[in-house]
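Trainee: Supplied in structure tokens, the structure appears directly below.
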Amino acid sequence: MTTTYNDSMIGKIVMITGATGGIGRETAKGLAYMGATVVLVSRSTEKLIRVASELKSETRNDHIDYLPCDLTSMENVRKLASDFKERYDRLDVLINNAGEIINERRTSVDGYEYTLALDHLSHFLLTALLQDIIKRSAPSKIINVSSMAHILGHINFDDIMIEKGYTPGKAYGQAKLANILFTYELARRLSKTGVTVNCLHPGMVRTNFGKDTTGAWKLFLLLSKPFMISARKGAQTSIYLASSPDVVSVTGKYFAKKKEKKSSKESYDENVAKRFWEISEKLTGMGQTHQE
Ligand SMILES: NC(=O)c1ccc[n+]([C@@H]2O[C@H](COP(=O)([O-])OP(=O)(O)OC[C@H]3O[C@@H](n4cnc5c(N)ncnc54)[C@H](OP(=O)(O)O)[C@@H]3O)[C@@H](O)[C@H]2O)c1
């Protein structure tokens, strides 16, 4: 596929979580082609150094930086935000992209269900901690990579950590629904600040996603492989939301294939969003930071 990129991101600073592989790497590459300064985040320093160097030579953009962080630890997320602020005084686009599906239930260092910690709580906290400089950089953008799988999800307030009846689909569906509830609620809270907040489904994309699954999920991913799109194609909606003039004032929406789409009924429930927000604040220790 040939994709042409303009230079509309010159002078913009973009942070992308989960940027060493799959959709995140291709999003970083597309935005680097457009001239952005891109800050890559993922766990492995070795991988980050390699990918930053590859992207510099592929895009001829030297402004590729990286910050290592295992996002499943809330303490690490705090360090990431403070490391970023030591280097930069603005953030034009935050792309909360990192996410996984986990076969067997396990917990993060903070004792939280792992998928919820990585796919939602880390990004809830990171966004809160960076919100002051994101607001100062307005017009600026927050983009949350969700999934169509959110339609399988439900927020079970009696068992958020899925201690009973864990399945990978239940955990992933809840976390990806959480991404959308967070997007809509944050957009409401940030209206009139010049910060837009949107989320997306990237498509079924051939990446490392789900590599550790077994059973039904493994079979599903295996059978879907021939119909999956490349990571480069899968990055296009994230790149579009980060850079297109068409969406400068669009906020609180869910996208797929660069088009606004409807998300599940539960995702629009403001009572669920508010209650879940309060739980996310408690779990991340963030108090009122997300308020306007
Ligand atoms: N692929 C699909 O079909 C699909 C469909 C719908 C939605 N999505 C969503 O798209 C997003 C990207 O997925 P992908 O398919 O590109 O997955 P991927 O190929 O597995 O890439 C995941 C990225 O996240 C990083 N990562 C994983 N655990 C991390 C942690 N604890 N801390 C920091 N970084 C971590 C990985 O880097 P390291 O391992 O180096 O840390 C890697 O850069 C996810 O949110 C996923 O839910 C994917």
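The values are calculated or read from the model by the stated rules, or taken from the named source; none is laboratory data. Given the structure is predicted, the values throughout are model-derived calculations rather than measurements. Don't worry about glycine lacking a Cβ; one is built from the backbone with ideal geometry, like all the others, and counts go over all protein chains shown. Quick note on the areas: whole protein, heavy atoms, side chains included, nothing else; ligands and nucleic acids left out. Shrake-Rupley method; radii C 1.70, N 1.55, O 1.52, S 1.80 Å.
Trainee: With all protein chains present, how much of the accessible area of the stretch 128-234 (probe radius 1.4 Å) comes from carbon and sulfur, to the nearest whole percent?
Mentor: 61
Trainee: Magnitude of the Cβ-charge dipole of the chain, K/R +1 and D/E -1, about the Cα centre, nearest 20 debye?
Mentor: 820
Trainee: Between the alpha-carbon centers of the stretch 239-267 and the stretch 176-200, tell me the distance in whole angstrom.
Mentor: Their Cα centres are 11 Å away from one another.
Trainee: In nm, what is the difference between 0.36 nm times the number of residues separating residue 149 and residue 246 and their Cα-Cα distance?
Mentor: The residue 149-residue 246 span can extend by a further 32.3 nm.
Trainee: Among 244-251, 134-141, how do they line up from the highest to the lowest mean number of other beta-carbon atoms within 10 Å?
Mentor: Output ranking for 244-251, 134-141: 134-141, 244-251.
Trainee: Please report the relative contact order for the chain, taking Cα pairs under 8 Å with a sequence separation of at least 6, and give it as a percent rounded to a whole number.
Mentor: Normalised by residue count, the contact order of the chain is 18 percent.
Trainee: Then there is this: Report the one residue of 285, 251, 239 whose Cα lies farthest in the direction of the positive end of the charge dipole of the stretch 221-292 (charges on C-beta: Lys and Arg +1, Asp and Glu -1; origin at the Cα centre).
Mentor: Farthest towards the positive pole: 239.
Trainee: Sort 177-183, 263-269, 123-129 by packing, meaning the average of other beta carbons within 10 Å per residue, with the highest value first.
Mentor: 177-183, 123-129, 263-269
Trainee: Apply 1/(1 + (r/R0)^6) to the Cβ-Cβ distance of residue 225 and residue 192, taking R0 = 41 Å, and write down the FRET efficiency to the nearest 0.05.
Mentor: Efficiency, from the Cβ-Cβ distance: 0.35.
Trainee: So, one more: Give me the accessible area per residue for the chain, probe 1.4 Å, as a whole number in Å².
Mentor: So the chain comes to 45 Å² accessible per residue, rounded to a whole number.
Trainee: Return the distance in nm (one decimal) between the two label points of a simple spin-label model at residue 57 and residue 138, each offset 7 Å from Cα along Cα→Cβ.
Mentor: 4.3
Trainee: Using the structure shown, list the pairs from 176/261; 192/258; 135/176; 176/274; 56/211; 176/262 with a Cα-Cα distance above 19 Å, or answer none.
Mentor: Violating the 19 Å limit, Cα to Cα: 192/258; 135/176; 56/211.
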